[in-house]
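K.L.:
Here it is, the structure, as structure tokens.
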Amino acid sequence: MLRVVLSRTFPRISGISNCQYSAAAIPVPSAQPKVHYNKLFINNEWQDAVSKRSFPTINPATGEVICQVAEADKADVDKAVKAAREAFRFGSPWRRMDASDRGLLLSRLADAIERDTAYLAELETLDNGKPYAVSYSVDVPMVVKCLRYYAGWADKWEGKTIPIDGDFFCYTRHEPIGVCGQIIPWNFPLLMQAWKLGPALATGNTVVMKVAEQTPLTALYVASLIKEVGFPPGVVNILPGMGPSAGSAIASHMDVDKVAFTGSTEVGHLIQQASGSSNLKKVTLELGGKSPNIIMSDANMAEAVEQSHFALFFNQGQCCCAGSRTYVQDTIYDEFMERSVERAKSRVVGDPFNMKTEQGPQVDEEQFKKILGYISSGKREGAKLMCGGGVAADRGYFIQPTIFGDVQDGMTIAHEEIFGPVMQILKFKTLEEVVERANDTKYGLAAAVFTKDIDKANYISSGIRAGTVWINCYNVFGAQAPFGGYKYSGNGRELGEYGLDNYTEVKTVTIKVPQKNS
Ligand code: NAD
């Protein structure tokens, strides 16, 4: 029975994680996991903040404080950067380590995380609010796969020999960039940590990571595993703290060689500016989106409805790549709308530790209020509220699955990132029209098309300016496939072989030889 419930609840778990899990294999969670670590992790040691300040981390399902967490600011960033710089010193244990051993450490980290899957999933659910079944079956397995994938790359990231003119031997070395600042968001705390650590460590960099203030707990537990499996001191430093203080100190630090950021486009601008006005550190950005999801009239209706629901509502709607502009061809608009509303009304919202729950609370009060504000703007600007539209519980940050119909391109809800369980359904007539409208956005992170016609699918996938296009599916990720954005959605790619480029300096070495032979 539970298996049936889970496969209906999470129809694409296997699509997302490529893992086959049955609910029967998911252990019953503790809704009150013990918090073991709440300090800063610098040089493989647990430290209070220099200022001795701390901040509360909140359970979004209840609004109650889970615990206090040390709050890093500039002084702590300085300490962490020093530790990371020392770990990166020429001749240090980390710099002299065989690449295969770096891979082994990453692989052991993946093993330790896998061993502690249930605990990490409990802690993630407590701090973030995502359903435990998802934390356990999707987030943690994807973390493990990501780290294993990059473990394999550590000793395979090869340079080239290059046939330049003259009596010279020329080759390239793929060298680590150095001290990498990494600033991550709260929507997939563990997974964003793995996406950042995997390529950075496989290529031999050292890391100063600032985790999101809403969700610091799982990253700190992973820090303990980093120490446990044997990474040398200073290679990874993890700092909970606020964006404008700790995050900004990383972005403008004169001794940080690169910064990788995932979060809002607004802060992405600040990160890039901080680089420009400090030491021109390299910058990669994974930012927001307003991704079009296009349903052609020949699509398989049941699949398109279910996948479009998943595209928007997965993770409480808190996905940068959420399919938040659902374009439906006019001839099937009414049926698609009716079935989508029916599906949204059946979505199970509630206690994230309950196995039947599909949707937990939004991450915090700020996001909760912001989303309710967008719902009000949708009503005000004349969109038709088809279902939901309000608060879903009397405590915690729960919002009803909401659908707006008759949405026009100019409405605020049609062009701003809502980052919540609010679906916009728009009508279109022709292929050419929908591609033009889909591209009429500052963002370019992802897109999807549902159709049985390969020519239409190709037209759309080549016409849309976005880093990822899904055809007859949505939210399908693999550690092997790159992800990132066009336009305001960012620069650089994470995951896959492409993800290694952003953590690598290419050094050309040219040697004079007595006589070159072909
Ligand atoms: P945010 O961009 O403010 O925060 C993301 C990370 O950046 C956090 O670690 C935060 O502390 C840090 N940060 C904030 N200000 C900073 C600064 N001045 N310098 C350096 N680092 C800074 O995102 P948010 O406020 O948590 O959410 C706001 C909106 O951002 C959401 O509604 C959503 O639209 C978007 N968002 C996108 C993603 C994504 O995956 N692309 C993730 C989270 C949020």
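K.L.:
Can you give the accessible area per residue of segment 453-501, in Å², using a 1.4 Å probe?
P.N.:
46
K.L.:
Can I ask one more? Would you mind getting the Kirkwood hydrodynamic radius of the chain from its Cα pairs, rounded to one decimal in Å?
P.N.:
23.7
K.L.:
Sticking with this one: Starting from the Cα-Cα distance between Arg395 and Asp255, subtract it from 0.36 nm times their residue separation and give me the gain in nm to one decimal.
P.N.:
Additional length available on full extension: 45.9 nm.
K.L.:
Also, quick follow-up: Could you look at segment 62-203 and say what percent of its accessible area is carbon and sulfur, using a 1.4 Å probe and all protein chains?
P.N.:
Carbon and sulfur together cover 53 percent of it.
K.L.:
What 222 nm value per residue comes from the helices of the chain, counting each DSSP H run with n ≥ 4 as -39,500 (n - 2.57) and dividing by all residues, nearest 500 deg cm²/dmol?
P.N.:
-10500 deg cm²/dmol
K.L.:
Sketch the reach of a paramagnetic label on Lys369 as a point 7 Å from Cα along Cα-to-Cβ, and name the residues of segment 47-64 whose backbone nitrogen lies under 20 Å away.
P.N.:
55-64
K.L.:
From the protein chains alone at 1.4 Å, what is the descending order of accessible area for Ser30, Ser137, largest first?
P.N.:
Ser30, Ser137
K.L.:
Right, here's the next one. Count charges around Ala194 for me, please; just the other residues with Cβ under 15 Å from its Cβ, Lys/Arg as +1, Asp/Glu as -1.
P.N.:
Computed value for this residue: -3.
K.L.:
At 10 °C and a viscosity of 1.306 mPa s, what translational diffusion coefficient does Stokes-Einstein give for segment 185-299, taking Rh as the Kirkwood radius over Cα pairs? Give it in µm²/s as a whole number.
P.N.:
Translational diffusion coefficient: 103 µm²/s.
K.L.:
Then there's this: Might you work out the accessible area of His415 for me, using a 1.4 Å probe with all protein chains in place, and round it to the nearest 10 Å²?
P.N.:
Ignoring ligands and nucleic acids, His415 comes out at about 80 Å².
K.L.:
Also, I was wondering about something else. Leaving ligands and nucleic acids out of the surface, order Arg347, Arg95 by accessible area at 1.4 Å, largest first.
P.N.:
Greatest to least solvent exposure: Arg95, Arg347.
K.L.:
May I pose another question? Need the C-alpha centroid separation for segment 142-201 versus segment 408-457, integer Å.
P.N.:
Between the Cα centres of segment 142-201 and segment 408-457 lies a distance of 34 Å.
K.L.:
Report, in listed order, any pair from Lys39/Lys74; Lys487/Lys507; Lys145/Lys452; Lys281/Lys369; Lys196/Lys227 with a Cα-Cα distance greater than 25 Å.
P.N.:
In this structure, Lys487/Lys507; Lys145/Lys452; Lys281/Lys369 lie more than 25 Å apart at Cα.
K.L.:
Further question on the same structure: Could you rank the peptides 273-281, 259-267 by their average count of other C-beta atoms within 10 Å per residue, with the highest value first?
P.N.:
259-267, 273-281
K.L.:
On to the next question. Quick one: which residues, 5 or more positions from Ser54 or on another chain, have an amide H under 5 Å from its amide H? H modelled 1.01 Å from N in the peptide plane, none for Pro or chain starts.
P.N.:
Excluding prolines and chain starts, which carry no amide H, the hits are Glu71.
K.L.:
Once segment 23-166 is represented by equal point scatterers at the alpha-carbon sites, with solvent omitted, what log10 I(q)/I(0) does the Debye formula produce at q = 0.11, 0.13 Å⁻¹?
P.N.:
-0.63, -0.83
K.L.:
Next question, about the same structure. Rank these residues by their accessible area, most exposed first, probe 1.4 Å: Asp330, Asp364, Asp455.
P.N.:
The ranking, largest first, comes out as Asp455, Asp330, Asp364.
K.L.:
Then there is this: From the C-alpha coordinates alone, can you work out the Kirkwood hydrodynamic radius of segment 419-518, in Å?
P.N.:
Result for segment 419-518, one decimal place: 16.7 Å.
K.L.:
Determine the gain in length on full extension of the stretch Lys345-His269; use 0.36 nm per residue of separation and subtract their C-alpha separation, reporting nm with one decimal.
P.N.:
Answer, rounded to one decimal: 23.6 nm.
K.L.:
Using DSSP, restrict attention to beta bridges with both residues in the chain and report what percent are antiparallel, rounded to the nearest 5.
P.N.:
45
K.L.:
Could I have the simple spin-label model distance between Glu175 and Arg53, label points 7 Å from Cα toward Cβ, reported in nm to one decimal?
P.N.:
Each label point lies 7 Å from its Cα, and together they span 3.8 nm.
K.L.:
Under a plain spin-label model, where a point goes 7 Å from the Cα along Cα-to-Cβ, how far apart in nm are Ala25 and Phe168?
P.N.:
5.4
K.L.:
Which whole DSSP H helices in the chain pass both tests: a Cα extent of 15 Å or more along the axis and a mean Kyte-Doolittle value no lower than 0.0?
P.N.:
Span-like helices in the chain: 140-153, 189-202, 217-229, 301-313.
K.L.:
How much FRET efficiency would the formula 1/(1 + (r/R0)^6) give for Ser518 and Ser278, where r is the Cβ-Cβ distance and R0 is 35 Å, rounded to 0.05?
P.N.:
0.15
K.L.:
Also, quick follow-up: Give or take rounding to whole Å, what are the principal axis extents of the alpha carbon atoms in segment 121-273, in descending order?
P.N.:
64, 35, 29
K.L.:
Still on this model: Label 7 Å along Cα→Cβ of Cys67; segment 160-195 residues with amide nitrogen under 17 Å?
P.N.:
Counting only backbone N, you get 190.
K.L.:
Further, regarding this structure: So between Glu433 and His36, what do we pick up on full extension, going 0.36 nm a residue minus the alpha carbon distance?
P.N.:
137.5 nm
The values are calculated or read from the model by the stated rules, or taken from the named source; none is laboratory data. Quick caveat, the model's predicted, so the values are computed rather than measured. Cβ sites come from the backbone with ideal geometry, for glycine too, and all protein chains shown count toward neighbours. Side chains are part of the model used for accessible areas, which takes the heavy atoms of the whole protein and leaves out ligands, DNA and RNA. Shrake-Rupley method; radii C 1.70, N 1.55, O 1.52, S 1.80 Å.
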